[in-house]
1. I need the fraction of alpha carbon pairs in region 100-216 separated by more than 17 Å, rounded to a whole percent.
2. Which value, in debye to the nearest 20, gives the size of the charge dipole of region 90-167 about its Cα centre, when Lys and Arg are +1 and Asp and Glu are -1 at the Cβ?
3. Counting pairs of Cα atoms in the chain, how many percent are more than 36 Å apart?
4. Can you compute the helix-only [θ] at 222 nm over the chain? Use -39500 (n - 2.57) per DSSP H run of at least 4 residues, normalise by all residues, nearest 500 deg cm²/dmol.
5. For a quick check, take a GNM of the chain with Cα springs below 10 Å and name the residue from GLU175, GLU255, GLU236 with the largest mean-square fluctuation.
6. Checking the cross-link filter: which aspartates and glutamates have an alpha carbon closer than 20 Å to that of LYS178, excluding same-chain neighbours under 8 positions apart?
7. Apply 1/(1 + (r/R0)^6) to the Cβ-Cβ distance of LEU99 and ARG285, taking R0 = 51 Å, and write down the FRET efficiency to the nearest 0.05.
8. With +1 on the Cβ of every Lys and Arg and -1 on the Cβ of every Asp and Glu, and nothing else charged, how large is the dipole of region 232-288 about its Cα centre, in debye rounded to the nearest 20?
Amino acid sequence: MALLDIRNLSVSFETPQGLVKAATQVSLALEYNETLALVGETGCGKSVVVNAIMKLLPANAKVDGRVIYRGRDLLSLDEKEMARIRGQDIAIIFQNPSLALNPVYKISEQVSESMILKKRSSRSRAEEISSQLLQRLGLKGRESSYPFQLSGGMNQRAMIACSVVLGPKIIIADEPTKGLDQSMVGQVLGEIRKAKEVNGASLLLITHDMEVARQISDKVAVMYCGEVMEVGKTEEVLQAPSHPYTQALLDSLPERGFLPIPGPSPSMIDPPEGCRFHPRCPWRRDLCSIERPVQKSTTTGWVRCCR
């Protein structure tokens, strides 16, 4: 059994403009010690899936499906039970350390706080463990610093320490490299790998950057307009994609010629019938606009396509 098993997860939002179908029947499995990258264009629903897993969606969200973690459906838990799981079993590394870290507390205090609150550790023991973790992440001697005294990369490491100090079994990294220059991207990915190894954890990486997915993930899931189109081993999907959208996404990269995907992105309020990519697909057939494609097995995963 997978460590985290997402089954037919659908999320929609009631808005004045209409019902936004942010995620539709998303099914994914995260195995023990695995890194799974969920990739796709900005706005395709990746972060919605993460927030649904953690039950952090706003009140206007409607959620269907199941999210099974160690035999328990997270979506059926009340807030008190879910609060025990957040941080201790499943932790999130947010993309913006300047917003996630408290500017008036020292780094060591912020890392040790969750140990004091959730594990009832003494302050001295919590500070000892947080200091050891910060040293492993390259922040030796900076334990008493405030966030404004550290560089962006250092704050990113401090935020990683805050996320993993309780030893979570699943680490979720939501666009951790967004807005960073290329030299910083490699550094952040290295720290995330290190955090994963320290805890023996599984990693769910949310990213729009295909090169980041290539560098760090074992398996990749490609998402478009709220649906997962393709899942498989990273090298196989990125070298020989089975879905036309994955191919188009790769062709839009600078190293592939910067070829834009034709046509506008679809509305999440009124998505296309059948295959949601068919209005932009060069290989579409009449059937593609009528029937939602079923999953078909590939060598290492599956694809949702009529071809």
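Rule-based calculations on the coordinates, nothing more; no lab input. Given the structure is predicted, the values throughout are model-derived calculations rather than measurements. Note: ideal-geometry Cβ built from the backbone for every residue, glycine included; neighbour counts use all protein chains shown.
1. Percentage above 17 Å: 54.
2. Value, rounded to 20: 160 debye.
3. Cα-Cα pairs of the chain separated by over 36 Å account for 20 percent.
4. -9000 deg cm²/dmol
5. Most flexible of the set in this elastic network: GLU255.
6. GLU41, GLU191, ASP209, GLU211, GLU255
7. Working from the Cβ atoms, E equals 0.65.
8. 80
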